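Visitor: Sharing a structure with you now.
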Amino acid sequence: ADGREVVLAERVVSGGFFYKRLSDFIFPFRFETDRAGDSFDAIQPRNGDHADLFGLELVFQNNLRFLPKPFDGLGVYANYTYTDSSARIFATDGVTRKIALPGQNRHVGNAAVTYEKRGFSGALSLNYHGRSLEEVGEDPVTDIFIDRHLQLDLSLGQQINEHFRVFAQFVNLTDEPLRRYQGAPGFPVQEEYYSWWGTFGVKIDF
């Protein structure tokens, strides 16, 4: 409000450490039960004792304005998060187990090449997450994991005027599957292939 020009930073480099302690967290417990002489797999929400998480976050962004036209609209972006987690639960018959916190990825990262110029914006991004524990079994052999996943996405947009903007987004260009396994990667229990998909639209601002 003081009339000074605001200049966006051409380069951003940041990092940080974090620590969290959770009590009575909820996790899905998977076990086998008998009904009328038949065996069934059942899933029951349970409360864990406690969990500890610590890790680091790194971010890098650089707008390459120094490049000759028309490449001066290019930019690069990357972020990475490492999380180490340790959780204590009571499994069958009061046996205590130490596991990774369910639903928590150890490695998560994104990297993108962007372009912004004359109302156009685009980003080609690579997105990765490591494996995560999804369901806790009665022993480590029966734990269910979501496998690591790496996919390529593309987003495009063009500002027509102050009120109209058209956009398109293409997701999972590399046709990466959703994969779950039991105990170890060599024992898959589910693989789903969706191919890529896209959305198109017009945004109107009044």
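Visitor: Output the residues belonging to the stretch 153-183 that are in contact with a Phe, Trp or Tyr (Cβ under 9 Å, 6 or more places away or on another chain), part of a strand (DSSP E or B) and loosely packed, with under 14 Cβ neighbours inside 10 Å.
Guide: Matches in the stretch 153-183: 166, 178.
Visitor: Kindly list, by first and then second residue, each pair from a residue in the stretch 106-129 that is over 18 Å from residue 68 (Cα atoms) to a residue that is open to solvent by 30 Å² or more (accessible area, probe 1.4 Å) and of a type in the set (Lys, Arg), limited to pairs with Cβ atoms under 9 Å and residues at least 6 apart or on different chains.
Guide: 106/131; 107/131; 107/148; 119/165; 128/148; 129/148
Visitor: Something else: Just to be sure, is residue 78 under 23 Å from the mean Cα position of the chain (by Cα), small (Gly, Ala, Ser) and either open to solvent by 70 Å² or more (accessible area, probe 1.4 Å) or over 30 Å from residue 152 (Cβ atoms) (or both)?
Guide: Values: under 23 Å from the mean Cα position of the chain (by Cα): yes; small (Gly, Ala, Ser): yes; either open to solvent by 70 Å² or more (accessible area, probe 1.4 Å) or over 30 Å from residue 152 (Cβ atoms) (or both): no.
No, not satisfied.
Visitor: Same structure again: Would you mind telling me which numbered condition in (1) modelled with pLDDT under 95; (2) over 14 Å from residue 184 (Cβ atoms); (3) among the aliphatic types (A, V, I, L, M) residue 126 fails?
Guide: (1)
Visitor: While we're here: For the stretch 122-167, give me each residue that is over 30 Å from residue 63 (Cα atoms) and hydroxyl-bearing (Ser, Thr, Tyr).
Guide: 132, 142
Visitor: Taking the stretch 25-60, which residues are outside any loop (DSSP other than H, G, I, E, B) and free of Cβ contacts under 8 Å to residues at least 12 places away in the same chain? First the steps, then the outcome.
Guide: So in the stretch 25-60, the residues outside any loop (DSSP other than H, G, I, E, B) come out as 26-35, 38-47, 50-60.
Residues satisfying the conditions are 33, 34, 35, 38, 39, 40, 41.
Visitor: Quick check on my filter: what residues within the stretch 131-152 are open to solvent by less than 30 Å² (accessible area, probe 1.4 Å) and either among the aliphatic types (A, V, I, L, M) or at pLDDT below 95 (or both)?
Guide: The answer is 133, 135, 136, 137, 143, 144.
Visitor: Return the residues of the stretch 189-198 that are in contact (Cβ under 8 Å) with a residue 24 or more places away in the chain, open to solvent by 50 Å² or more (accessible area, probe 1.4 Å) and not in a loop (DSSP other than H, G, I, E, B); say none if nothing qualifies. Quick ask: steps written out before the conclusion?
Guide: We begin by selecting, within the stretch 189-198, every residue in contact (Cβ under 8 Å) with a residue 24 or more places away in the chain; these are 189, 196-198.
Going one step further and asking which of them are open to solvent by 50 Å² or more (accessible area, probe 1.4 Å), we end up with 189, 196-197.
Matches in the stretch 189-198: 189, 197.
Visitor: May I ask you to verify whether residue 138 is acidic (Asp, Glu) and under 25 Å from residue 173 (Cα atoms)? Before the answer, list the steps.
Guide: On the way: acidic (Asp, Glu): yes; under 25 Å from residue 173 (Cα atoms): no.
In short, no.
To keep it simple, each residue is scored yes or no on (1) at pLDDT 95 or above; (2) surrounded by 15 or more Cβ atoms within 10 Å (Cβ to Cβ); (3) of a type in the set (Ser, Thr, Tyr).
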| position | (1), (2), (3) |
| --- | --- |
| 12 | no, no, no |
| 23 | no, no, yes |
| 27 | no, yes, no |
| 34 | no, no, no |
| 43 | no, no, no |
| 67 | no, no, no |
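The values are calculated or read from the model by the stated rules, or taken from the named source; none is laboratory data. Just so it is clear, the model here is predicted, and its values are computed rather than measured. All Cβ positions, even for glycine, are placed from backbone atoms using ideal geometry, and neighbour counts span all protein chains on display. We work out accessible area using only protein heavy atoms, side chains counted, and drop any ligands, DNA or RNA first. Shrake-Rupley method; radii C 1.70, N 1.55, O 1.52, S 1.80 Å.
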